[in-house]
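For reference, the structure discussed in these notes is given below.
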Amino acid sequence: MTTELDKRIKWQSRRGLWELDAILVPFSESCLDEIDRNNKEMLLDLLKNEDVDLMDWIVTGINQPKHYTEIIDLLRTKHLEDNE
């Protein structure tokens, strides 16, 4: 069942920056049923940040805020699994 929170995450995952879309869109389309509400809320909060910051945090790990560590690690892990 797709919740309002899931819909908001899917919408916010479409960034227009290819590198971010390649990570965020597949995650939002296939993994939301697997994560709990707290992680969904953390993901939505993460997606409120600027693309430049998201690139640094998700792709390179530079200056990653500690409160996003769990959800960023989850995004990276899923992306790496899907691209092995």
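The values are calculated or read from the model by the stated rules, or taken from the named source; none is laboratory data. All figures in this text were calculated on a predicted structure; none of them were measured in a lab. Virtual Cβ from ideal backbone geometry, glycine too; neighbours counted across all protein chains shown.
Quick notes on this one:
- Every pair of residues 6+ apart whose Cβ atoms lie under 6 Å, when the first sits in segment 1-14 and is closer than 15 Å to Asp36 by Cα while the second is polar (S, T, N, Q) and surrounded by 15 or more Cβ atoms within 10 Å (Cβ to Cβ): Ile9/Ser28
- Selection status of Trp18, loosely packed, with under 15 Cβ neighbours inside 10 Å, closer than 22 Å to Asn83 by Cα and of a type in the set (Phe, Trp, Tyr): yes
- You will find that of Asp45, Asp33, the residue that is loosely packed, with under 15 Cβ neighbours inside 10 Å, at pLDDT 95 or above and out of contact with any Leu (no Cβ under 6 Å at 6 or more places or on another chain) is Asp45 and no other.
- Counting the residues of segment 15-53 that are of a type in the set (A, V, I, L, M), over 19 Å from Asp73 (Cβ atoms) and in contact (Cβ under 8 Å) with a residue 24 or more places away in the chain gives 1.
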